[in-house]
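Have a look at the structure below, then the notes.
The values are calculated or read from the model by the stated rules, or taken from the named source; none is laboratory data. None of these values were measured; they are calculated from a predicted model. Here the Cβ is made from the backbone with ideal geometry for all residues, glycine too, and neighbour counts use every protein chain on show. Protein only, heavy atoms only, side chains kept; ligands, DNA and RNA dropped before computing areas. Shrake-Rupley method; radii C 1.70, N 1.55, O 1.52, S 1.80 Å.
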Amino acid sequence: MTHAGKTGSPAAFHVLVKPTGAVCNLDCSYCFYLSKEMLYPGSRFRMADETLRLYLRQLIEAHRSPEVTISWQGGEPLLMGRDFFRRAVAHAESWCRPGMRLAYTMQTNGTLIDDDWCAFFKQHGFLVGISVDGPQAMHDAYRRGRNGQPSFARVMRGLSLLRKHGVDFNTLTCIHRANAEHPLEVYRFLRDDCGSTHLQLIPVVERVRGVAVPLPRTGAGDAAAAPATPWRQRPLHLQESAFVTDRSVRPQQYGEFLIGVFDEWVRHDVGRVFIQMFESALANWMQVPAGMCVHSARCGTAVALEHNGDLYSCDHFVEPQHRLGNIAEHGLAELVGSSRQRKFGADKLDTLPRTCRRCEVRFACHGGCPKDRFVRAQDGEPGLNYLCDGYKAFFGHVDGPMCAMRELLRLGRAPEQVMRYYREARAAEHPVD
């Protein structure tokens, strides 16, 4: 096997491991991953112990950094059962080198969490991500079980058990047609009802094929809407369509959602609530590496591992043309460091359209995720991000407070001091009689 240091692979990289493949106990109507079952007809969709051991050993050997993150996702990874993850932890710790730290994360829909799972998570220091889309009506609009039953009550039960046992958790919230018009309600629910202090706000951009209406060429904000259908009635989800479903968030709508949340956060919650999008933006204003690949200049260091050992360029590009190989045939370090994968990551920057290269917020946006760059700019050039209008609105709106927090940090002061400015400004606008 080729040693990591000789392959051109990065010193550290992130692998989203899917031990059950796309299999899930829910049938969320906007899920882009459920149809990936079609890639493996006849499979049991359970990672074999041989593949598990091979993955963990290769991952740890490939890292030339003091910390290795082992991330489980799906589908629904808890369907594998606790014994699988007990073995995973034991294997990982047996290969952990002196001075190296292992960090475990789990992304789950939360419906299968019980006291025993919480005890396991707490024992091994797992960070658990819970998918919840806001208050009940907004969550249940699209996040339902295979028989159509709502999932909100079961998710909240799982979340309450995590809090009861003191398990570290964050929340992942998809932004779509059912909740995009309610930023404050969603944010306050996550902060106050869920007790979440670490939030991810992920836009749903659901592309579909076979619709006769072409995407307009007048800009990202005018994308055509396609009718919503259950995933089993759609072909394999591929990143090759120029149409979005009516579940998808609209570009300006997403920008306004982020602005609504930001205005609440910057006045009340800086330093105690951490929102991935805002943390990444501040990093770009500071000219240090962003915390999320979406708004980094290049990508390619976050790959996806399917249940059978197939490695793909990205979680959003699990499709045949982006299969890098199988870890039983080529090591992780070799695949992540391959010329194909390096090109995949470099293309994020190299294929930016002229509109993006001239944009005043390019330093913060970097063109967004390649999966969403499927519309044409006003000059007709392809490759503009569908969410462009929203990104421009958001990044333009936050420039002032981001600059203020950047200066506070450069002076060695806490960025949460920016909240005082807003309190004083409000007091000046509304003096007490």
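If a residue counts only when it is of a type in the set (A, V, I, L, M), which strands (runs of 3 or more DSSP E) contained entirely in the range 1-111 have at least 3 such residues?
Because the criterion is at least 3 residues that are of a type in the set (A, V, I, L, M), the strands (runs of 3 or more DSSP E) in the range 1-111 that meet it are 14-17, 101-108.
All but one of (1) closer than 21 Å to Gln123 by Cβ; (2) surrounded by 22 or more Cβ atoms within 10 Å (Cβ to Cβ) hold for Thr20; which doesn't?
(1)
On the given criteria, is Phe152 of a type in the set (Phe, Trp, Tyr), open to solvent by less than 40 Å² (accessible area, probe 1.4 Å) and more than 19 Å from the chain's Cα centre (by Cα)?
yes
Is it the case that some residue within the range 301-311 is in a helix (DSSP H, G or I), under 23 Å from Pro77 (Cα atoms) and touching a strand residue (DSSP E or B) at 6+ places or on another chain (Cβ under 8 Å)?
No: zero hits.
Of all residues in the range 251-279, which are surrounded by fewer than 19 Cβ atoms within 10 Å (Cβ to Cβ) and either free of Cβ contacts under 8 Å to residues at least 60 places away in the same chain or among the aliphatic types (A, V, I, L, M) (or both)?
Correct list: Ile259, Asp263, Val273, Glu279.
Say whether the condition of being open to solvent by 20 Å² or more (accessible area, probe 1.4 Å), acidic (Asp, Glu) and touching a residue at least 12 places away in the same chain (Cβ under 8 Å) is met by at least one residue in the range 115-132.
yes
Check the range 373-391 and report whether any residue there is without any contact (Cβ under 8 Å) to a residue 40 or more places away in the chain and either closer than 15 Å to His14 by Cα or aromatic (Phe, Trp, Tyr) (or both).
no
Consider Asp347 carefully, then state whether it is open to solvent by 40 Å² or more (accessible area, probe 1.4 Å), without any contact (Cβ under 8 Å) to a residue 24 or more places away in the chain, under 26 Å from Val249 (Cα atoms) and acidic (Asp, Glu).
Spelling it out, Asp347 is indeed open to solvent by 40 Å² or more (accessible area, probe 1.4 Å), without any contact (Cβ under 8 Å) to a residue 24 or more places away in the chain, under 26 Å from Val249 (Cα atoms) and acidic (Asp, Glu).
Among the residues of the range 28-78, write down those that are surrounded by fewer than 18 Cβ atoms within 10 Å (Cβ to Cβ), among the hydrophobic types (A, V, I, L, M, F, W, C) and over 13 Å from Gly309 (Cα atoms).
The answer is Met38, and nothing else.
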